[in-house]
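For reference, the structure discussed in these notes is given below.
The values are calculated or read from the model by the stated rules, or taken from the named source; none is laboratory data. Model, not experiment: these values are computed from the prediction. So basically every Cβ, Gly included, is an ideal-geometry build from the backbone, and we count neighbours across all protein chains shown.
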Amino acid sequence: MKLIGVDNAASSTVDGGRKVLVGVKLDTRSRQLLTWALVKVAEPGDHVIALHVLDTITEGTSTLLSLVKTFNSVLAAYEGFCNLKQIDLKLKVCRGSSTKKVLVQEATSFGVETVILGTSATQHTIRSSVSVAKYCAKKLPKCVSVFAIDKNCKIAFSREASRAHCDQG
């Protein structure tokens, strides 16, 4: 289990296995989401990247340092399971004013096969609880699967990868 430095490019990714990106925050729902991804999606040899996006405007350097320390302790709880299942779990913290754009950018730079996101905890009248996942599905190549998982660990949105599109790229 490794920590990928802030805004460090995909060079830290190891070859072999599938790459799965999980969008996380520091809350119980994100821990459930990460657990779901490790149990239900990740297979031996896979690389799972837990990605947190810091808001450029509202979160400063002190927030970043405390967040990294907290994430390290949270991820340490998964160390035994990941070693047993032979999964490479990493954390990446990025800054950006648009979470959905950063998610797409990082998923592209890592060359992930699957993106797993949570749903919005609050219901908005204008945008749905799966709007970020839908944005990612629209912007990412069709050979990338995108899932939005609700608070009950049920799939609220999915776009399965199209193998035909994977073979072309």
Residue set K40, K85; condition free of Cβ contacts under 8 Å to residues at least 40 places away in the same chain and either in contact with a Pro (Cβ under 7 Å, 6 or more places away or on another chain) or closer than 21 Å to D150 by Cα (or both); output residue K40
For the range 86-110, enumerate the residues that are surrounded by 15 or more Cβ atoms within 10 Å (Cβ to Cβ) and of a type in the set (G, A, S).
G96, A107
Does the range 138-152 contain at least one residue that is at pLDDT 95 or above and assigned to a helix (DSSP H, G or I)?
yes
Applying the selection to the range 25-35, what residues are farther than 9 Å from I116 by Cα and either under 12 Å from the mean Cα position of the chain (by Cα) or polar (S, T, N, Q) (or both)?
K25, T28, S30, R31, Q32, T35
Mind listing whichever residues of the range 20-76 are at pLDDT 90 or above and among the hydroxyl-bearing types (S, T, Y)?
T35
Quick one: would you say V115 is touching a Cys at 6+ places or on another chain (Cβ under 6 Å), at pLDDT 95 or above and assigned to a helix (DSSP H, G or I)?
no
Go through the residues of the range 70-80 one by one and say whether even a single one is part of a strand (DSSP E or B) and closer than 20 Å to A37 by Cα.
no
